[in-house]
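Worksheet for the structure shown next.
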Amino acid sequence: MITYDKLWETMQKKEITQYRLIKYYGFSAGQIGRLKKNMYVSTHTIETLCSILNCRVEDIFEYKPDIGCPGPPTNALYN
């Protein structure tokens with residue numbers, strides 16, 4: 001699962017608020033809501049956030065394995 005926890009930390013460090021993203025950078029409340037819920041956002045949105053925050057992709061999101069999600073297949077076809 002992709003989480004955007006790092007985004008909120010980066011925004012706090014850079015002193016950029018959600019209000020500012022909406023008011024001055026044209027983000028929609030829906031985009032902010034999707035980020036808060038760790039839902040899909042486009043690579044364009046990620047790129048825009050990197051530009052605004054002057055940061056790297058790693059400062060915005062990270063991958064965390066789903067608990068209970070099966071690992072890769074162990075079938076010989078996949079080795």
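Please rank Val57, Val41, fewest neighbouring Cβ atoms within 10 Å first, as an exposure proxy. Working shown, then result.
Numbers: Val57 13, Val41 20.
Lowest count first: Val57, Val41.
Would you list Asp5, Asp59, Asp66 from fewest to most Cβ contacts within 10 Å?
Numbers: Asp5 12, Asp59 18, Asp66 8.
Final ranking by Cβ density, sparse to dense: Asp66, Asp5, Asp59.
Could you count how many Lys pairs in the chain have their Cα atoms under 14 Å apart, skipping same-chain pairs fewer than 8 positions apart? Walk me through the numbers before you get to the answer.
Values: Lys6/Lys14; Lys6/Lys36; Lys6/Lys37; Lys6/Lys64.
Within the chain, the lysine pair count is 4.
Bear in mind these aren't lab numbers, they're just calculated from the coordinates by the rules spelled out. Since we're looking at a predicted model, the values are computed, not measured. Positions of Cβ are generated from backbone atoms using ideal geometry, with glycine treated the same way; all protein chains shown enter the neighbour counts.
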